[in-house]
Structure formats: C-alpha cells, structure tokens
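See below for the structure under consideration.
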Amino acid sequence: MTEHDVDKEYWRWDEYHWKDPDRNWKDAKIISAGVDVGSVSSQAAILTDGELFATANMRTGHNSPDSARRVMNWALEGAEDMTLDDIHYIVGTGYGRLKVPFANKAVTEIACHARGANFMYGPTVRTVMDMGGQDLKVIKCDERGKVLNFMMNEKCAAGTGRGMEVIADILRVPIKEIGDLSMQIDEEPPPISNICVLFAKTEVMGMLYEKMPVNVILAAYATAMADRVSAQVKEAGVEKDFVITGGIAKNRGVVERLERILGVKSLKTHVDYQIAGALGAALFGKVLYEKSLKK
C-alpha cells in the first residue's frame, strides 16, 4: 500500500462547477441564485430568466457561512465577470440555510427540493425521495412543485449518504464506483443484518476478514440500504411519477435495488441530482424578486 493510497479520500464525490456556454447573463432581465448548505455537501445554482446558467458542488466545511461563500464564488468563477452584486435575489436553503450571509431569504430544503425536482423532471412528478448526507426526506408535491406532505428521518446516518461514505473508506473503493461494483455479482447476497453505521462497519470488517469479495460486500450493503429506505418511502406512499435527488441518486446499486423493491422506476435527468435544493432555491428567488417589483 502506498502513501498515496493511505491519504486517498475514497468517500469524496467529485467537486465541480459548470456554466451554460450558450447563455450570456448580461442579456438577462432577472438573475436569481440558490445556495444549499447541506451537512455533507454544498451546492450553488444561478438562473438567468428562470433558466439554469451556472452551478457548483463542493464539500461542506466546518463553517456554514464560509462554505456558502466558497460554493457561490466557485459558481461565479465560471460565469465570466458576474459578481454577487449582479444577482437580483439569493435564497439560502439546506442544513445551513440561516447562515448564508449574502442571502435575501431562507427557504426550507423540503420546499426547495420539491420545486427543484419539478424543474428537473417536469410537472408529472408527485413523489420526491431525497437522501442527504445525514437525513432522508420523502416529499409529495403537485404539478407546480408545491409540497403537499412530507416525511423526514434524521435520527442517525443509517440509510443516508454518510453511511455509504463510511463503507467506501473501509473498503477503499471510490464512492462513485460503488454502484457499478455492487451490480457485478452472479446472485444477490443476503443484506447486511444491521445498517446502523457502527454495527454495519463491524460487520463489513468481518466480511473482509473472511475474504468475501468487495463487490459482494457492496451488494449486501446496498441491498440493506435499499430495504431500509424503501420502508420509509412505502410509509409515505409512492405516487408516480417518482424521482430521486441527492448524491445517492448517482449510486445505481442502491437505486436499482430500491426500484425493484418498490416496483416503480424513477425518472432520470441530465441535470446533477445533487443540485435540486439549490435549483429550487434559485427558482424561489426569481419569484420573490418578481413579487418585490410589484410592491
């Protein structure tokens, strides 16, 4: 094992920023933005006249205001010479929504994820499952992306993105590869018996000691996670169309097993699943700015 292998952060998703090369923000009448400061990752989304113009996604640090500044600055970095002063309205959301120092308003992540999913997938969406770093939300919404009802579990890291990160580090598998590896099996193994992160960690270590293949261990964990998540989704009720947001939507090992258990396919999109909250916040920002003009 090399020194590089020891220092490698297997749990970390790729960070990035993006800008629409075909849009000129200087032509826009309304520029709005959303910043989603989550417990694990932070996202920023900038809209020009209600269309996605620039985004950024990075790890949340120990300081929520600083995390908000860094992710917003990174989104702006790709937006030519746009500055915060050029944005008409900014909404903060997520775990650290009240600590976005430059936000005009804070809106709950429940409302923002529903609105963002409506934009990403279309008006047919009725059930949104969002798995964050440390919580799981199941949201029911109407054709406009308005929240009708929701359920939330934030008791522990079980059945959340953080649990998957712990397993990635133990098995020394980059988190973005876990989904595909977990599907490379001849038959489904029994799920890990207890998905509580502390107990699951011990169980995974035991499997490694017994020389069980890594892809089989990943399949067992992904199945256990899908089982746990499906129970909450079923309790909330699954109404089509069903969509998944958050980092776990990038893990086909969990997604495909969850779909199999629920008996429903989730819609897919070309937009990054992790920016739903920031996108919804930016959409709220546009509406709030338009309302301010009418006063």
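Using the Karplus relation 6.51 cos²θ - 1.76 cosθ + 1.60 with θ = phi - 60°, the per-residue 3J(HN,Hα) values for the range 102-107 come to 9, 7, 7, 7, 10, 10 Hz, with x marking Gly and Pro. Between R12 and V264, the modelled label-to-label distance comes to 3.7 nm, taking each label 7 Å out from Cα in the direction of the beta carbon.
Heavy-atom accessible surface of the range 54-200, averaged per residue, reaches 46 Å², computed with a 1.4 Å probe.
Give me the tail of P(r) for the range 167-295 as a percent: Cα-Cα pairs with distance above 24 Å. Of the Cα pairs, 40 percent sit more than 24 Å apart. Surface composition of the chain: carbon and sulfur atoms hold 50% of the protein heavy-atom accessible area at a 1.4 Å probe.
In the range 65-106, the ratio of gyration radius to Kirkwood radius, Rg to Rh, stands at 0.96 when only Cα atoms are counted.
With contributions of -39500 (n - 2.57) from each DSSP H run of at least four residues, the per-residue ellipticity at 222 nm computed over the chain stands at -12500 deg cm²/dmol. Length available on full extension from E177 to D81: 0.36 nm per residue minus the Cα-Cα distance, which gives 31.0 nm.
With each label modelled as a point 7 angstrom along the Cα→C-beta vector, the D227-R144 pair spans 4.3 nm. Working note: Karplus 6.51/-1.76/1.60 with θ = phi - 60° gives the range 71-88 the couplings 6, 5, 4, 6, 5, 5, 4, x, 9, 6, 9, 5, 10, 4, 5, 7, 8, 6 Hz, where Gly and Pro are set to x. Each principal axis of the Cα atoms in the chain has its own extent, and those three values, largest first, are 66, 47, 34 angstrom. Using Cβ point charges alone (K and R +1, D and E -1), the dipole size of the chain about the Cα centre works out to roughly 1100 debye. Where does the Debye-calculated log10 I(q)/I(0) of the range 80-210 sit at q = 0.10, 0.12 Å⁻¹, using only Cα point scatterers of equal weight, no solvent? Debye output, listed in q order: -0.50, -0.69. Annotation: amide H-H contacts under 5 Å for F53 (H modelled 1.01 Å from N, sequence separation of 5 or more, or interchain): I46, L47, T48.
Restricting the range 131-240 to trypsin sites (Lys or Arg not before Pro) that sit in a DSSP loop and have at most 16 other Cβ atoms within 10 Å of their own Cβ leaves R144, K146, K155, R172, K211, K240. With the charge dipole of the chain set up from +1 on Lys and Arg Cβ and -1 on Asp and Glu Cβ about the Cα centre, the Cα lying farthest toward the positive end among the listed residues V287, S64, L262 is that of V287.
The values are calculated or read from the model by the stated rules, or taken from the named source; none is laboratory data. It should be emphasised that the depicted structure is a prediction, and the values quoted were computed from it without experimental measurement. FYI the Cβ positions are ideal-geometry reconstructions off the backbone, even for glycines, and counts take in every protein chain you see. We work out accessible area using only protein heavy atoms, side chains counted, and drop any ligands, DNA or RNA first. Shrake-Rupley method; radii C 1.70, N 1.55, O 1.52, S 1.80 Å.
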